[in-house]
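Chemist: A single structure is presented below for examination.
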Amino acid sequence: MEKIIYKNEKYYQIRIGDLNYGNHLGHDKLITIIHDARCSFFENYGFKELSIGEDNVGLIVNEINFKYKSQLYYSDNIKITSKFYELSSVSVKMESVVKNMDNGELSASGFIKLVSFNFKTNKMVKFPEKFIALIKEHLIVENF
């Protein structure tokens, strides 16, 4: 069985606006930070989540699952490392790990499943060939 992987790194510093009432990173902000890392990857190669190679075809989130390992606080420096796997004709999963670079602790890990979606017809569709080509060009294939 083949597993397709691409590693993508994004650095971020926790801001005051990222904190919740417990004075640590809010769960909604974690998802926003992960989203930003994902968008940065696609934008580096000329794609946007709303435009992945064909008119009206973009990406939507189908599933999301994250587990928290340690808290993050104001001014903590983090690194988000992502990899893409389980690529099919209509979906791909992106696993992300959030590490606190100040103390070396793992802060969160999980995945998001992205689906190719036609916004005009409101239906899932196959990934455009241009998008598949990008993914295959920039992914590492590991056998396990």
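Chemist: Can you pull out the residues in segment 97-124 that are touching a Ser or Thr at 6+ places or on another chain (Cβ under 9 Å), crowded, with 16+ Cβ neighbours inside 10 Å and within 19 Å of residue 56 (Cα to Cα)?
Modeler: Result: 114, 115, 116.
Chemist: What number of residues within segment 30-87 satisfy the criterion of being touching a Cys at 6+ places or on another chain (Cβ under 9 Å) and either surrounded by 13 or more Cβ atoms within 10 Å (Cβ to Cβ) or in contact (Cβ under 8 Å) with a residue 12 or more places away in the chain (or both)? Reasoning before the result, please.
Modeler: Filtering segment 30-87 down to residues touching a Cys at 6+ places or on another chain (Cβ under 9 Å) leaves 48-49.
Add one more test, that the residue is either surrounded by 13 or more Cβ atoms within 10 Å (Cβ to Cβ) or in contact (Cβ under 8 Å) with a residue 12 or more places away in the chain (or both), and what stays is 49.
So the count comes out to 1.
Chemist: Looking at residue 82, is it among the small types (Gly, Ala, Ser) and in contact with a Ser or Thr (Cβ under 7 Å, 6 or more places away or on another chain)? Show your work before the answer.
Modeler: Numbers: among the small types (Gly, Ala, Ser): yes; in contact with a Ser or Thr (Cβ under 7 Å, 6 or more places away or on another chain): yes.
It is true that residue 82 is among the small types (Gly, Ala, Ser) and in contact with a Ser or Thr (Cβ under 7 Å, 6 or more places away or on another chain).
Chemist: Further question on the same structure: Quick check on my filter: what residues within segment 69-88 are in contact with a helix residue (DSSP H, G or I) (Cβ under 8 Å, 6 or more places away or on another chain) and of a type in the set (Ser, Thr, Tyr)?
Modeler: 74, 82
Chemist: Another question, if that's okay. Could you please give the count of residues in segment 19-38 that are in a helix (DSSP H, G or I) and either of a type in the set (Ser, Thr, Tyr) or under 18 Å from residue 106 (Cβ atoms) (or both)? Outline the logic, then answer.
Modeler: Taking segment 19-38 and keeping what is in a helix (DSSP H, G or I), we get 27-38.
Still in the running and either of a type in the set (Ser, Thr, Tyr) or under 18 Å from residue 106 (Cβ atoms) (or both): 27, 29-34, 37.
Looking only at that region, the number is 8.
Chemist: Confirm whether residue 67 is modelled with pLDDT of 95 or more, assigned to a helix (DSSP H, G or I), farther than 28 Å from residue 122 by Cβ and among the basic types (Lys, Arg).
Modeler: Working: modelled with pLDDT of 95 or more: yes; assigned to a helix (DSSP H, G or I): no; farther than 28 Å from residue 122 by Cβ: yes; among the basic types (Lys, Arg): yes.
No; evaluated as a whole, the condition is false for this residue.
Chemist: Right, here's the next one. For residue 131, indicate whether it is out of contact with any Leu (no Cβ under 7 Å at 6 or more places or on another chain), under 14 Å from residue 33 (Cα atoms) and of a type in the set (Phe, Trp, Tyr).
Modeler: Working: out of contact with any Leu (no Cβ under 7 Å at 6 or more places or on another chain): yes; under 14 Å from residue 33 (Cα atoms): no; of a type in the set (Phe, Trp, Tyr): yes.
For residue 131, the condition - out of contact with any Leu (no Cβ under 7 Å at 6 or more places or on another chain), under 14 Å from residue 33 (Cα atoms) and of a type in the set (Phe, Trp, Tyr) - is not met.
Chemist: Further, regarding this structure: All but one of (1) farther than 16 Å from residue 108 by Cα; (2) out of contact with any helix residue (DSSP H, G or I) (no Cβ under 6 Å at 6 or more places or on another chain); (3) modelled with pLDDT under 95 hold for residue 53; state the number of the condition that does not hold.
Modeler: With respect to (1) farther than 16 Å from residue 108 by Cα; (2) out of contact with any helix residue (DSSP H, G or I) (no Cβ under 6 Å at 6 or more places or on another chain); (3) modelled with pLDDT under 95, residue 53 is out only on (2).
Chemist: I would also like to ask the following. Just give me the residues in segment 112-129 being more than 17 Å from the chain's Cα centre (by Cα), of a type in the set (Phe, Trp, Tyr) and in a strand (DSSP E or B), in sequence order.
Modeler: Listed by number, the list is empty, since nothing qualifies.
Chemist: Of (1) within 20 Å of residue 11 (Cβ to Cβ); (2) modelled with pLDDT of 95 or more; (3) buried (at least 18 other Cβ atoms within 10 Å of the Cβ); (4) of a type in the set (A, V, I, L, M, F, W, C), residue 94 satisfies all except one. Which?
Modeler: Failed condition: (2).
The values are calculated or read from the model by the stated rules, or taken from the named source; none is laboratory data. What you see is a predicted model; the values in this text were computed from it and never measured. Cβ: placed from backbone, ideal geometry, glycine included. Neighbour counts: every protein chain shown.
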